[in-house]
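**Student:** Once you've had a glance at the structure underneath, I'll fire off some questions.
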């Protein structure tokens, strides 16, 4: 399996934009709008560029549009399976890699008054409800969350405009909206439905590996 390469190398940054364009088009072909998230969103909003210390593309799709049939198309285009966490019905996160640049795809689970996605099969990020806002970025038609800056502050803190040169930020501990799945299930099972969380607990490969 190829090792992901950071975007400080302009060659891999260009590949990342190519992968973003390609995967966005494939998802659209199968009826799914996608939205840049996390580090990709921060790079767009703060720098109008990919962050040099980042190494992957982050995309979200709404659970109401999810169609798993897109995967075969990615394989035909030369992508390889890279990683998988959660389960298809809830907490889905799947990664594909091409030319040493992964693309992470998350299902954004839609509740009555909030949204969430699961990272690493372990941590749930919770969001206020948002919609997708179309953007053009480096010749790519994609989307960002409508509440972009609020989104970024909850994920990276009030000092998000300052690059994290000392690498203090951590995806599990730093975001204000991060909850371990055991806590999140207790807080929100009445919102998303107990049946979805039961399926998550039974099928999540993270939990199956003994990571309770």
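**Student:** Select from segment 134-153 the residues that are out of contact with any strand residue (DSSP E or B) (no Cβ under 9 Å at 6 or more places or on another chain) and part of a loop (DSSP other than H, G, I, E, B) and write down the one among them that is surrounded by the most Cβ atoms within 10 Å (Cβ to Cβ).
**Tutor:** Checking each candidate, the answer is 138.
**Student:** Is one or more of the residues making up segment 79-100 modelled with pLDDT of 95 or more, part of a loop (DSSP other than H, G, I, E, B) and buried (at least 21 other Cβ atoms within 10 Å of the Cβ)?
**Tutor:** Yes, segment 79-100 contains a residue that is modelled with pLDDT of 95 or more, part of a loop (DSSP other than H, G, I, E, B) and buried (at least 21 other Cβ atoms within 10 Å of the Cβ).
**Student:** Exactly one of (1) over 23 Å from residue 194 (Cα atoms); (2) buried (at least 18 other Cβ atoms within 10 Å of the Cβ); (3) touching a helix residue (DSSP H, G or I) at 6+ places or on another chain (Cβ under 9 Å) is unmet by residue 119. Its number?
**Tutor:** All conditions pass for residue 119, except number (1).
**Student:** Among the candidates 200, 130, which residue alone is surrounded by fewer than 19 Cβ atoms within 10 Å (Cβ to Cβ), in contact with a strand residue (DSSP E or B) (Cβ under 7 Å, 6 or more places away or on another chain) and within 20 Å of residue 60 (Cα to Cα)?
**Tutor:** Of the residues listed, the single one that is surrounded by fewer than 19 Cβ atoms within 10 Å (Cβ to Cβ), in contact with a strand residue (DSSP E or B) (Cβ under 7 Å, 6 or more places away or on another chain) and within 20 Å of residue 60 (Cα to Cα) is 130.
**Student:** Taking residue 145 as the residue in question, decide whether it is farther than 19 Å from residue 87 by Cβ and under 13 Å from the mean Cα position of the chain (by Cα).
**Tutor:** Yes.
**Student:** Looking at residue 16 and the list (1) touching a helix residue (DSSP H, G or I) at 6+ places or on another chain (Cβ under 8 Å); (2) farther than 15 Å from residue 107 by Cα; (3) modelled with pLDDT of 95 or more; (4) surrounded by 22 or more Cβ atoms within 10 Å (Cβ to Cβ), which single condition is not satisfied?
**Tutor:** Of the numbered conditions (1) touching a helix residue (DSSP H, G or I) at 6+ places or on another chain (Cβ under 8 Å); (2) farther than 15 Å from residue 107 by Cα; (3) modelled with pLDDT of 95 or more; (4) surrounded by 22 or more Cβ atoms within 10 Å (Cβ to Cβ), the odd one out for residue 16 is (1).
**Student:** Checking residue 123 against (1) in contact (Cβ under 8 Å) with a residue 12 or more places away in the chain; (2) within 24 Å of residue 27 (Cα to Cα), only one condition comes out false. Which one?
**Tutor:** (2)
**Student:** Residues to consider are 52, 64; find the one that is surrounded by fewer than 19 Cβ atoms within 10 Å (Cβ to Cβ) and more than 23 Å from residue 201 (Cβ to Cβ).
**Tutor:** 52
**Student:** Which condition from (1) under 16 Å from the mean Cα position of the chain (by Cα); (2) outside any strand (DSSP E or B); (3) at pLDDT 95 or above is the one that residue 121 breaks?
**Tutor:** Here residue 121 clears every test but (3).
**Student:** Given the criteria at pLDDT below 95, more than 20 Å from residue 193 (Cβ to Cβ) and in contact with a helix residue (DSSP H, G or I) (Cβ under 6 Å, 6 or more places away or on another chain), does residue 73 qualify?
**Tutor:** no
**Student:** Taking segment 154-165, which residues are exposed (fewer than 15 other Cβ atoms within 10 Å of the Cβ) and farther than 17 Å from residue 54 by Cβ?
**Tutor:** Scanning segment 154-165 gives 158, 159.
**Student:** Within segment 33-44, is there a residue that is free of Cβ contacts under 8 Å to residues at least 12 places away in the same chain, under 26 Å from residue 159 (Cα atoms) and not in a loop (DSSP other than H, G, I, E, B)?
**Tutor:** yes
**Student:** Taking residue 106 as meeting all but one of (1) within 22 Å of residue 175 (Cα to Cα); (2) in contact with a helix residue (DSSP H, G or I) (Cβ under 8 Å, 6 or more places away or on another chain); (3) in a strand (DSSP E or B); (4) in contact (Cβ under 8 Å) with a residue 60 or more places away in the chain, write down the number of the exception.
**Tutor:** Evaluating residue 106 over (1) within 22 Å of residue 175 (Cα to Cα); (2) in contact with a helix residue (DSSP H, G or I) (Cβ under 8 Å, 6 or more places away or on another chain); (3) in a strand (DSSP E or B); (4) in contact (Cβ under 8 Å) with a residue 60 or more places away in the chain leaves (2) as the failure.
**Student:** Also: Restricting to segment 38-49, name every residue that is within 12 Å of the chain's Cα centre (by Cα) and surrounded by 22 or more Cβ atoms within 10 Å (Cβ to Cβ).
**Tutor:** 38, 39, 40
The values are calculated or read from the model by the stated rules, or taken from the named source; none is laboratory data. A quick note: this is a predicted structure, and the numbers were derived from the prediction, not measured. Note that we place each Cβ from the backbone using ideal geometry, even for glycine, and neighbour counts take in every protein chain shown.
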